[in-house]
1. Is it the case that some residue within the stretch 74-97 is of a type in the set (Gly, Ala, Ser) and modelled with pLDDT under 85?
2. Does ASN134 qualify as being at pLDDT below 90 and either out of contact with any Pro (no Cβ under 9 Å at 6 or more places or on another chain) or not acidic (Asp, Glu) (or both)?
3. Quick one: how many residues across the stretch 60-70 are surrounded by fewer than 19 Cβ atoms within 10 Å (Cβ to Cβ) and either at pLDDT 90 or above or among the polar types (S, T, N, Q) (or both)?
4. Quick one: in the stretch 149-179, of everything that is open to solvent by less than 60 Å² (accessible area, probe 1.4 Å) and over 19 Å from ALA118 (Cα atoms), which residue is modelled with the lowest pLDDT?
5. On the basis of being more than 28 Å from LYS141 (Cβ to Cβ), modelled with pLDDT under 85 and not in a strand (DSSP E or B), does ILE57 make the cut?
6. Given (1) open to solvent by less than 60 Å² (accessible area, probe 1.4 Å); (2) out of contact with any Ser or Thr (no Cβ under 7 Å at 6 or more places or on another chain); (3) modelled with pLDDT of 75 or more, where does THR48 come up short, assuming only one miss?
7. Keeping to the stretch 34-45, report how many residues are over 20 Å from ASP90 (Cα atoms) and surrounded by fewer than 14 Cβ atoms within 10 Å (Cβ to Cβ).
8. Given the residues ASN125, ASN182, which is the only one that is in a strand (DSSP E or B), more than 22 Å from ASP37 (Cβ to Cβ), open to solvent by 80 Å² or more (accessible area, probe 1.4 Å) and at pLDDT 90 or above?
Amino acid sequence: MKRRVAKIVFFSTIGAVFLLTLMGFIFQDKIISSALDNIRKNIRSRITIGDASFSLIKDFPYASIRLYDVSILSTKDIARKDFRQIIKPDTLLKARALNIRLNVLDLINNKITLKQIAIKDGELNLLVDKRGKNNYQIVKKSKEGEKKEEILLKVNEVKIQRTKLRFINLNKQIALVNTVKNLKSNGRFSLNT
């Protein structure tokens, strides 16, 4: 009896893993395309991505989208000339890998809830010019009276690994330049906070 139950559990587990792998493989292009379209539609900055992959197994019970060779340009809000002597202000983020962990059930319901964003081997430049304008408010805001499909964006965790972090605030004359080996921040991040 115990042996029969063990076989059923074993084959059920193998079947579930096979089914998840097959579903991930079949729907990979559609899910990646949908996620990237949503990102591009709601970001004010130009984003370029070298390659992308999707997995339902790697971060189970979450789905994960891994973006390779990601580059996000700074917004045009800042006065670039203020930074010319210090840094090239064109890039907000450049990363070899950007991993986004999603809730699988939310994917089925056409929502995007990010459980984790992980940046690996990159460069993050958070800049504030002399007038107080920054380069990192990249999410489009809906105009008054405009009906816009809101993205449910909740991020519970941000991980940064082997990334050069520059925070330069010329308005308050603050500069922080450091290489982050491993940083993990938990909280409730959203489009507004």
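1. Step one: list which residues in the stretch 74-97 are of a type in the set (Gly, Ala, Ser), which gives 74, 79, 95, 97.
Subset that is modelled with pLDDT under 85: none.
No, every residue in the stretch 74-97 fails to be of a type in the set (Gly, Ala, Ser) and modelled with pLDDT under 85.
2. No, not satisfied.
3. Our first condition is that a residue be surrounded by fewer than 19 Cβ atoms within 10 Å (Cβ to Cβ); within the stretch 60-70, this holds for 60-61, 68-69.
Adding the requirement that they be either at pLDDT 90 or above or among the polar types (S, T, N, Q) (or both) leaves 68-69.
Selection size over the stretch 60-70: 2.
4. That would be ILE151.
5. yes
6. Condition not satisfied by THR48: (2).
7. Of the residues in the stretch 34-45, 2 are over 20 Å from ASP90 (Cα atoms) and surrounded by fewer than 14 Cβ atoms within 10 Å (Cβ to Cβ).
8. ASN182
The values are calculated or read from the model by the stated rules, or taken from the named source; none is laboratory data. Since the model is a prediction, treat every value here as computed from it, not as a measurement. Counting neighbours? That spans all protein chains shown, and the Cβs are built from the backbone with ideal geometry, glycine included. SASA here: full protein model, heavy atoms, side chains in, ligands and nucleic acids out. Shrake-Rupley method; radii C 1.70, N 1.55, O 1.52, S 1.80 Å.
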